[in-house]
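Note sheet for the following structure.
The values are calculated or read from the model by the stated rules, or taken from the named source; none is laboratory data. For clarity, every value in this text was computed on a predicted model and none was experimentally measured. Here the Cβ is made from the backbone with ideal geometry for all residues, glycine too, and neighbour counts use every protein chain on show.
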Amino acid sequence: MDKAALVDALREGRLAGAGLDIYEQEPHLHPGLLQLRQVVLLPHLGSATLRTRIDMGMVCLENIQAVLEGRPAPNRVV
């Protein structure tokens, strides 16, 4: 996402607000984001629900099972 364009859209009223959970150049933020009241910045909390964490663990287990059975991991990183 183009953070400068986001800041411009927020300042000009083309967007009412923005909520961000991940950032391009962590830990550095676009300085304009910190100045806007209609921006909510969170530290990677989007996946912090119990259901999501359980699902993440199950994906891991499915990958391990596939590899142990001689199949490619369904969610491998290439």
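A count restricted to region 21-78 and to residues that are surrounded by 10 or more Cβ atoms within 10 Å (Cβ to Cβ), acidic (Asp, Glu) and either closer than 23 Å to Met1 by Cβ or touching a residue at least 40 places away in the same chain (Cβ under 8 Å) (or both) stands at 2. How many residues, within region 1-30, are under 19 Å from the mean Cα position of the chain (by Cα), at pLDDT 90 or above and farther than 22 Å from Ser47 by Cα? Adding up the residues that qualify gives 4.
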